[in-house]
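Enquirer: Below: one structure in structure tokens.
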Amino acid sequence: GEDVEQSLFLSVREGDSSVINCTYTDSSSTYLYWYKQEPGAGLQLLTYIFSNMDMKQDQRLTVLLNKKDKHLSLRIADTQTGDSAIYFCAPLGTYNTDKLIFGTGTRLQVFP
Amino acid sequence: DAGVTQSPTHLIKTRGQHVTLRCSPISGHKSVSWYQQVLGQGPQFIFQYYEKEERGRGNFPDRFSARQFPNYSSELNVNALLLGDSALYLCASSLGGGGYTFGSGTRLTVV
């Protein structure tokens, strides 16, 4: 089946880097997305990586993909208190349809 | 340019009732998907529509149905509401092939 796993919590000091990890099972995923969700809000698309790439950098965000191990990570440089939120990795499942597969997400807490 | 808009933002229904949730995609987006997010969990895929045709259905009972209109807006209908249907319902649109933009959601409470 299709599954995504992330650690539930991450706590970092303001100014440090944050690394959020994700493992997934669907090896046919062509795109892998990172979404951010603030309390009571919808999902904000942060960045994505295509499956034939190893790394993508977008300002403070760096995505690393290890396709062999089905491991995806999101690094946030110079983490700010405004980055406190839940982060979801979401591979695009292709077995039946274009659906995003979400895990439970990682709650990032940034303290001063 | 307007993003994905959903209505209503909140509603409260009684067990056994029926509910209709509405979604307007970003202009030019022909694909609309619906997700259910129960408190403390990640979103779960319910339906995808593309060009008014159902492209995919998640593991939800037949009480859940949806449709897409010629202007690409969409409705999600849920019949015979259960307490467990209480959740945030998210609509997302894309040009096709991923890159979904989500709306702010409709928070449904069933009492």
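For (1) touching a Ser or Thr at 6+ places or on another chain (Cβ under 6 Å); (2) part of a loop (DSSP other than H, G, I, E, B), each residue gets a yes or a no:
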residue: A:Leu10; (1), (2): yes, no
residue: A:Thr23; (1), (2): no, no
residue: A:Ser27; (1), (2): no, yes
residue: A:Leu45; (1), (2): no, no
residue: A:Lys56; (1), (2): no, no
residue: A:Leu64; (1), (2): yes, no
residue: A:Arg75; (1), (2): yes, no
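Enquirer: Restricting attention to the range A:61-112, which residues are aliphatic (A, V, I, L, M), open to solvent by 20 Å² or more (accessible area, probe 1.4 Å) and out of contact with any Gly (no Cβ under 7 Å at 6 or more places or on another chain)?
Expert: A:Leu61, A:Leu64, A:Ala77
Enquirer: Now for a separate question. Just to check your reading of the model, which residue among A:Tyr33, A:Tyr48 is open to solvent by less than 50 Å² (accessible area, probe 1.4 Å) and under 11 Å from the mean Cα position of the chain (by Cα)?
Expert: Testing whether each residue is open to solvent by less than 50 Å² (accessible area, probe 1.4 Å) and under 11 Å from the mean Cα position of the chain (by Cα) leaves just A:Tyr33.
Enquirer: Cβ-Cβ under 6 Å, sequence separation 6+ or interchain: first residue in the range B:99-111 and more than 7 Å from chain A (Cβ to nearest Cβ) and closer than 19 Å to B:Ser86 by Cα, partner of a type in the set (Asp, Glu) and open to solvent by less than 50 Å² (accessible area, probe 1.4 Å). Which pairs?
Expert: Matching pairs, first to second residue: B:Val110/B:Asp85.
Enquirer: Does the range B:39-65 hold any residues that are within 20 Å of B:Thr5 (Cα to Cα) and either part of a loop (DSSP other than H, G, I, E, B) or away from chain A (no Cβ under 13 Å) (or both), and which are they?
Expert: B:Pro43, B:Glu51, B:Lys52, B:Ser65 - these are the residues of the range B:39-65 that are within 20 Å of B:Thr5 (Cα to Cα) and either part of a loop (DSSP other than H, G, I, E, B) or away from chain A (no Cβ under 13 Å) (or both).
Enquirer: Out of (1) open to solvent by 10 Å² or more (accessible area, probe 1.4 Å); (2) at pLDDT 95 or above, what's the single condition that is false for A:Pro39?
Expert: Just one mismatch for A:Pro39, condition (2).
Enquirer: Hey, another quick one. Hey, does the range B:29-52 have a residue that's open to solvent by 10 Å² or more (accessible area, probe 1.4 Å), acidic (Asp, Glu) and at pLDDT below 95?
Expert: yes
Enquirer: Given B:Arg22, B:Arg15, which one is basic (Lys, Arg) and part of a loop (DSSP other than H, G, I, E, B)?
Expert: After applying the criteria, what remains is B:Arg15.
The values are calculated or read from the model by the stated rules, or taken from the named source; none is laboratory data. In this text the structure is predicted, and so the values were computed from the model without any measurement. Cβ coordinates were reconstructed from backbone atoms using ideal geometry, including for glycine residues, and neighbour counts include every protein chain displayed. Ligands, DNA and RNA are stripped out before the accessible areas are found, and what is left, the full protein with its side chains, is counted by its heavy atoms. Shrake-Rupley method; radii C 1.70, N 1.55, O 1.52, S 1.80 Å.
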